[in-house]
Amino acid sequence: MTPVIALVGRPNVGKSTLFNQMTRSRDALVADFPGLTRDRKYGDGNYEGQRFIVIDTGGLTGDEEGLDAEMARQSLQAVEEADIVLFLVDGRAGLTAGDETIANHLRRSGKQAHLVVNKTDGQDPDIAAADFYSLGFESTFLIAASHNRGIRSLLEELLPTPEETAEQDSASKYPGIRIGVVGRPNVGKSTLVNRMLGEDRVVVYDMPGTTRDSVYIPYERHGKEYTLIDTAGVRRRKNVRETVEKFSIIKTLQAIEDAHVVILVIDAREGLVDQDLHLIGFVLDAGRSLVIAVNKWDGMDPEERARVKEQVRRRLDFLDYADKHYISALHGSGVGVMYESVQACYDSAMAKWPTNRLTAILQDAVSQHQPPMVQGRRIKLRFAHQGGSNPPRIVVHGNQVDALPGSYKRFLENTFRKVLDVTGSPIRFEFKSGENPYANKVERMTPRQRVKKDNDLKKGRQVKKTRQKSVKR
Ligand SMILES: Nc1nc2c(ncn2[C@@H]2O[C@H](COP(=O)(O)OP(=O)(O)OP(=O)(O)O)[C@@H](O)[C@H]2O)c(=O)[nH]1
Ligand SMILES: Nc1nc2c(ncn2[C@@H]2O[C@H](COP(=O)(O)OP(=O)(O)OP(=O)(O)O)[C@@H](O)[C@H]2O)c(=O)[nH]1
């Protein structure tokens, strides 16, 4: 399970600043789903290979009355679902009554929180922290978020190591292709999950709304193993309030992290809305492959259908590599063929390509369309190898790669995507400058040496540089 970190604290203590430092998301996922009153933000972080999810819970002011009480309740729900709670305070402003109220909230919630004193730059950290000891937190961290100070040691201390996470990795024990079915409330996720499992299979489970755990359902179809990750969880809704209650963004994000392939369900009758795009953004940021299911396609008239299709085409033009299906989960039409897309996505996400193939594609691309000159010297791209899967990572080695323009990177991505036939999955590129360790040496290396070198490169170890001149191309 990907650990979830919740940030709480009064306005202006630096939550957004810390959030931005911790996440690498281009845009945070902003939760203004119906029924959730306040703009919580969700982001995706990576510290030395350990992925995590950060939530800026937003809604705590320490002065909760009336409307604010509802916000506080929802923020505390996010706290409840988190693994690590960071309570931020402002080291410049000192202790306020609002801080004390929030500390009380946290204490009542029974969740262990860590005190994080921010804005300790330009003052004696011990003095900055002294004010807050009366709050009685066991562990205190001193940081300066806007200077990116203290954040690494905080993550180092609090996050599990990737090995620890792998050990308690609940997802990996489920067989076959793990399919996450996600989408906004009421788009038809439960209906689709039941449809995918087949008519004859009676699913007996029920879940309370606030737990963040999805239901994992292993099953077989045409002799192939799958596990559905069901974020909806309850088959029969009783009322609108319950729909909102049981919709949990953390649950959705966890399901995305745990899946090989994500089916994002959209309600054709409502069209594509911003929240759908936010969810798509998160899936891509998480590096998962994606199938789009536009649901409730039954009973729509031709004009409506044309309008929705046009909207999908226009707003998802950046996603032309993902399959879109127009389905009726209720009647089952279009559901079966989705499995073909799921398989293609899985194959793409998990594919392994040999170094010489990737290098050949790179060289073809370069000869077709040379990278630009920088300060009178041409950017050189020499060879490529695979750095990982799900999502596939391609590491490109060359010279002056830092100057490679975005447009050229996109050209490379499109070329690799086309040649390797990568469907639905994002591809990550990494560009490294330095001499080609293979140059002039390849011929003289034994296969074992070559494998070792490849592994060394994958592990990012320093490879002894050859002094020989690299091959001219
Ligand atoms: N000196 C100093 N200023 C900081 C630091 N971190 C954040 N700030 C400033 O504090 C102000 C508030 O920061 P935000 O990150 O917006 O605070 P927030 O808690 O997200 O505020 P809300 O969005 O209102 O909840 C901004 O002007 C930041 O530049 C820090 O480490 N040192
Ligand atoms: N016409 C039509 N209605 C559908 C279809 N799929 C689902 N529905 C209806 O849409 C409503 C919501 O379906 P659910 O499957 O409960 O949606 P959900 O996404 O699981 O909703 P939450 O669990 O509340 O997030 C129900 O009334 C379904 O009968 C479909 O393909 N066509």
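A short reminder: the numbers here are calculations on the coordinates, not readings from a lab. All of these numbers come straight from a predicted model, not from anything done at the bench. Glycine gets a Cβ as well: all are built from the backbone with ideal geometry, and neighbour counts include every protein chain shown.
Structure summary
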quantity: Net charge of neighbours whose Cβ lies under 12 Å from the Cβ of Ile327, counting Lys and Arg as +1 and Asp and Glu as -1; calculated: 0
quantity: Set Lys41/Lys251; Lys173/Lys224; Lys41/Lys418; Lys309/Lys409 screened for pairs whose C-alpha atoms are more than 23 Å apart; calculated: Lys41/Lys418; Lys309/Lys409
quantity: Label-point gap, in nm, between Ser333 and Lys432 - each point 7 angstrom along Cα→Cβ; calculated: 5.2 nm
quantity: Sparse-neighbour loop sites [trypsin sites (Lys or Arg not before Pro); the range 344-384; at most 11 other C-beta within 10 Å; DSSP]; calculated: Lys352
quantity: Other-chain or far-sequence residues with amide H under 5 Å of Leu330's (modelled H); calculated: Lys296
quantity: Protection proxy ranking, peptides 177-184, 334-341, 130-137, average beta carbon neighbours within 10 Å, highest first; calculated: 177-184, 334-341, 130-137
quantity: Two-site label geometry, Ala306 and Met350: point separation in nm, points 7 Å out along Cα→Cβ; calculated: 4.3 nm
